[in-house]
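What follows is one structure encoded as structure tokens, with my remarks underneath.
What follows draws every value from the coordinates through simple rules; no lab data is involved. What you see is a predicted model; the values in this text were computed from it and never measured. With ideal geometry, Cβ positions are generated from the backbone for all residues, glycine too; neighbour counts draw on all protein chains shown.
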Amino acid sequence: MTAEPIRSGGDPYRPETPAPTGLLDVLSVSAMVIDIDGRIVFWTPQAEDLFGYTAQEALGKYAARLLIHPQHLQSVVKLFAEVLETGRSWAGAFPIRHKDGSNRLTEFRNMRLQDDLGDVYALGIAADHNLLQRVETDLALCERLINQSPIGLALLNPDLCYLLVNPALERIDGIPAEDHVGRRLREAMPLPDIDTIESALRQVLTTGTPLLDQYHVGRPPTDPDHEHAWSLSFYRLEDPGGRVLGAAASVVDVTERHRAAAEADRARRRLALIAEASTRVGTTLEVDRTAHELAEIAVPQLADVVAVDILDSALACRRSRRADNGPELFRALALKAAHPTVALRAADPPGDVTAYEGDRLVTLCVHTGRPVLVRHVGEHDIPRIARDAEAAALLGRAGVHSYLAVPLIAHGEVLGALDLKRTRNPLPFDDDDVILASELAGRAAVAIDNARWFQSVRNTALTLQRSLLPDHAPHHTGLELASRYQPAQATSEVGGDWYDVIPLEDDKTALVVGDVMGNGIDAAATMGRLRTATCAYADLDLEPGDVLRHLDKITCDLEHYIVTCLYAVYDPRTRQCRIANAGHMPPALAGPGHDPRLLQLPPGAPLGVGGVAFETTTVDLTPGDLLVLYTDGLVETRLHSIDDRLSVLLSFLDDPGRPLEEICDLLLYGLRHPDDHDDVALLIARTS
């Protein structure tokens, strides 16, 4: 039965018993044994490598004569005698004569041996002094480099447990060295991608290929509120025999670089957001649309939930004196969320008007004209954000953890507030967010201010224009009437289009449609003067051509205005309609039993040209006939020919029996475009 070799250190049969290291092989440590007479009795192969003598050449020889130069012989013999007599070991370096005749400085360790018979020997352990010194220097250098390096260094065994860490790593992760040793990598560095890191380390252990400069970001246990970044590199460690000892990891703290890069990226994104806002916010002169554009641009890059609220007094374009601590009446304009959330139910729906007390943060924002920032929302902050207790409970459920309100200021006037909340975004609002939100709010406030004044002027203009148009009964003798006035969609200025229905003697009715070229108050005033004059001339029971001739004289006295006009008189007794045209669009005629058509009238010249005769044309009408008078804004566009548009108009008159109000709507909505720059007057009469 063959005996198993005995291994040092514990159970010799345990398979995990560590194998011997290769350091002694690197040093090529040799050993010899000398008896009491000074003869060599044991000689190792390493001694042959060190001194040059084979075992056959060394064994039985006097060691001093073989290995010591005569000039050092006395000192060596004395040391040898002291070791044998006193048993005291000796260590040091002295020159040994090599077989080739050279002297080599050798590091020795001498000690006394005694066998079971009581015989005494001297054991000499030797290594090349220069080699030993170089190894010691390398070790000292390694120790200094490891301990003084600004780079975090760690040694891990094949199970990825720490064996050693240097002071720099202690400073980087804030964990003392003694708390590293014996712990697994994931226990000391709980990074979000620790599984990826361990997988990479195992790959390095398997392949031996280093993995360099791996970028990782996380929050260390010692600083959980801030993000840190590290550059990690991994190397496999082997002994001279190629046995894998574990892995070395170098850790460079690149947090400052990471934060600088993150800040630069954040600044780029802010600039990009501002640039995007300059093109997306304020695209129309509509207050609601501008507010929606502001909310859409702020989600999700700036906030998770965004509301735009304007002071009701500001929307009405009136300044009100506000008490610093009093309530404010807000009208909600826009509401936007980055994801479904109950926080939307806590906000005021667009269009609602809600009073917020003076202690609310949004009220404080408009009172002071300054941003209100709550970095970390606590339980005592929620009631000051929400409109009531129910809304506060919803905001709490939504997880609102940071809040920012920024005033909407234009030309020194506070119009309202931009209300921002964060729920899923883990970062609280900071000063940079305040600057960005203020920039967005400032740009949007100017657009909202322009839009609210546009709407105010537009409403005033429409009121003025409609006040100049007649109020007429829907039924005159032998006629059923319907009319519409629609202002230009793309401008706030009043126009010069008008219509009129004038009752005359003998149950006759005058129908008038006209268009003063141009926009503005002057055009509306000219239209009003001409309408008054038309009514006066109509009472004289003049022929339509004569009425236009008189209106032409009046128009010539006005400042550079050109007017088109169509004047018709219907007599229910004869069922005839007498019409004169002054450069106006031809009326359309539709009725039972015949296709819709445009009346072929002498076009005439516009009013204001002067010296032009206007012809009167007589048209016979039958019961149920439909006469449509309109201004050019109904049919003219920049993209289509006038003939095509007139054909479309006639196509809408295919059923003259429809209710007149329905026909008016059909023509307006079928022919008009939202961006049209001209107003429209429409008058429809049906004979009975």
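Among Asp116, Asp173, rank each residue by its count of other Cβ atoms within 10 Å, from fewest to most, as a rough exposure measure.
On the way: Asp116 5, Asp173 22.
Final ranking by Cβ density, sparse to dense: Asp116, Asp173.
Pairs of alpha-carbon atoms within less than 8 angstrom and 6+ residues apart define the contacts here; what relative contact order does the stretch 469-687 have, in percent? All intermediate terms of the calculation are to be shown ahead of the outcome.
On the way: 480 pairs, mean separation 57.7, N = 219.
The value is 26 percent.
Cα axis of helix 431-468 to longest principal axis of the chain: angle in degrees, 0 to 90, nearest 10?
Tilt of helix 431-468: around 10 degrees.
Normalised by the empirical 2.2 N^0.38 Å for globular proteins, what value does the Cα Rg of the stretch 543-609 take? Can you show the working numbers first?
Details: Rg = 14.0 Å, N = 67, 2.2 N^0.38 = 10.9 Å.
For the stretch 543-609, the normalised Cα radius of gyration comes out at 1.28.
Which value in Å is the Kirkwood Rh of the stretch 569-640 over different Cα pairs?
Values: mean 1/r = 0.0726 Å⁻¹.
Mean inverse Cα-Cα distance, inverted, gives 13.8 Å.
Sequence-distant or interchain residues sharing an amide H contact under 5 Å with Ile68, placed H: which?
For Ile68, the qualifying residues are Arg97.
Please identify every one of the trypsin sites (Lys or Arg not before Pro) in the stretch 602-674 that sits in a loop by DSSP and has no more than 13 other beta carbons within 10 Å of its own beta carbon.
On the way: sites: Arg638, Arg645, Arg672; in loops: Arg638, Arg672.
In loop regions of the stretch 602-674 (DSSP not H, G, I, E or B), the sparsely surrounded trypsin sites (Lys or Arg not before Pro) are Arg638.
Angle between the Cα long axis of helix 521-538 and the longest principal axis of the chain, 0 to 90 degrees, nearest 10?
Between the helix axis and the principal axis of the chain, the angle is about 20 degrees.
Among the lysines, which have Cα under 23 Å from the Cα of Lys336 when same-chain residues fewer than 8 positions away are ignored?
Qualifying lysines at Cα under 23 Å: Lys421.
Counting other Cβ atoms within 10 Å, keep those with at most 15, restrict to DSSP loop, and tell me which trypsin sites (Lys or Arg not before Pro) in the stretch 367-414 are left. Intermediate results must be reported in sequence, preceding the final value.
Numbers: sites: Arg375, Arg384, Arg387, Arg397; in loops: Arg375, Arg387.
Listed in order of number, the matching sites are Arg375.
Could you state, as a whole-number percent, how many of the C-alpha pairs of the stretch 266-457 are farther apart than 25 Å? Intermediate values should be presented prior to the final figure.
Numbers: 4996 of 18336 pairs.
For the stretch 266-457, the fraction of Cα-Cα distances above 25 Å is 27 percent.
How large is the translational diffusion coefficient of the stretch 68-137 in µm² per second when you combine the Kirkwood radius over alpha carbon pairs with Stokes-Einstein at 4 °C and 1.567 mPa s? Provide the component values of the computation, followed by the final result.
Values: Rh = 13.3 Å.
For the chosen part, D equals 98 µm²/s.
So how many Å³ per residue does the convex hull of the Cα atoms of the chain work out to?
So the per-residue Cα hull volume is 335 Å³.
Multiplying the sequence separation of Thr206 and Thr284 by 0.36 nm and subtracting their Cα-Cα distance, what value in nm do you get? Each step should come with its number before you reach the end.
Working: separation 78, 0.36 × 78 = 28.08 nm, distance 6.45 nm.
Result: 21.6 nm gained on full extension.
Using modelled backbone amide H atoms (1.01 Å from N, in-plane), which distant-in-sequence or interchain residues come within less than 5 Å of Leu113's amide H?
For Leu113, the qualifying residues are Tyr121, Ala122, Leu123.
Binning every alpha carbon pair distance of the stretch 510-625 at 10 Å from zero, what are the percents per bin?
Using 10 Å bins, I get a P(r) of 14, 45, 29, 11, 1 for the stretch 510-625.
Could you please rank Asp546, Asp304, Asp193, placing first whichever residue has the fewest other Cβ atoms within 10 Å of its Cβ? Kindly include the intermediate steps, with their values, before the conclusion.
Working: Asp546 16, Asp304 24, Asp193 13.
Ascending Cβ contact count within 10 Å gives the list Asp193, Asp546, Asp304.
Could you state the number of Å between the C-alpha centres of the stretch 184-245 and the stretch 566-629?
Using only Cα atoms, the two centres lie 92 Å from each other.
What is the local net charge at Leu649, summed over the other residues whose Cβ is closer than 12 Å to its Cβ (Lys, Arg +1; Asp, Glu -1)? Spell out each step's value before the answer.
Numbers: positive: Arg597, Arg645, Arg672; negative: Asp632, Glu636, Asp643, Asp644, Asp654.
With Lys, Arg at +1 and Asp, Glu at -1, the net is -2.
If you wrap the stretch 28-127's Cα atoms in a convex hull and average its projection over all directions, what's the area in nm²?
Averaging across all directions leaves 5.9 nm² for the Cα convex hull.
Relative contact order (percent) for the chain, with alpha-carbon contacts under 8 angstrom and 6 or more residues of separation? Before the final figure, lay out the partial values.
On the way: 1324 pairs, mean separation 47.4, N = 688.
Averaging sequence separation for qualifying contacts and normalising by length gives 7 percent for the chain.
Check cross-link reach from Lys61 to the lysines: straight Cα distance under 26 Å, and skip same-chain residues fewer than eight apart.
Lys78, Lys99
Counting only C-alpha contacts under 8 Å and six or more residues apart, can you give the relative contact order of the stretch 266-457 as a whole percent? Don't skip to the end; give the middle numbers.
Working: 383 pairs, mean separation 50.8, N = 192.
The normalised contact order for the stretch 266-457 reaches 26 percent.
Checking a compactness column here: for the stretch 150-241, what do you get for Rg(Cα) / (2.2 N^0.38 Å), N being the number of residues?
Values: Rg = 13.0 Å, N = 92, 2.2 N^0.38 = 12.3 Å.
That ratio works out to 1.06.
Looking at the stretch 273-357, which trypsin sites (Lys or Arg not before Pro) are DSSP coil and have at most 16 other C-beta atoms within 10 Å of their C-beta? Don't jump to the answer; show the numbers that get you there.
Values: sites: Arg280, Arg289, Arg318, Arg319, Arg321, Arg322, Arg331, Lys336, Arg345; in loops: Arg318, Arg319, Arg321, Arg322.
Passing both the DSSP loop test and the Cβ count: Arg318, Arg319, Arg321, Arg322.
Could you check the spin-label model distance between Ser28 and Glu57? Points 7 Å from the Cα along Cα→Cβ, value in nm.
1.4
Find how much the distance from Ala389 to Asp119 grows on full extension, using 0.36 nm per residue of separation minus their present alpha carbon separation; answer in nm with one decimal. Write down the numbers at each step before the final one.
Working: separation 270, 0.36 × 270 = 97.20 nm, distance 10.05 nm.
Full extension of this stretch gives 87.1 nm more.
What does the helix-only formula give at 222 nm for the chain: each DSSP H stretch with n ≥ 4 adding -39500 (n - 2.57), the total divided by the residues, and the result rounded to the nearest 500 deg cm²/dmol?
Value at 222 nm, helices only, nearest 500: -11000 deg cm²/dmol.
For the stretch 173-295, report the convex hull volume of the alpha-carbon atoms normalised per residue, in Å³, without decimals. Intermediate values should be presented prior to the final figure.
On the way: hull volume 18.4 nm³, N = 123.
Taking the convex hull of the Cα positions in the stretch 173-295, it is 150 Å³ per residue.
With θ set to phi - 60° and the Karplus curve 6.51 cos²θ - 1.76 cosθ + 1.60, what are the ³J(HN,Hα) couplings of the stretch 92-107 in order, to the nearest whole Hz, using x for Gly and Pro?
Each residue of the stretch 92-107 in turn: x, 10, 8, x, 10, 7, 7, 4, 7, x, 7, 9, 10, 6, 10, 8 Hz.
If I fit a long axis through the Cα atoms of helix 255-280 and take the longest principal axis of the Cα atoms of the chain, what angle between them do I get, 0 to 90°, rounded to 10?
That helix lies at roughly 10 degrees to the long axis.
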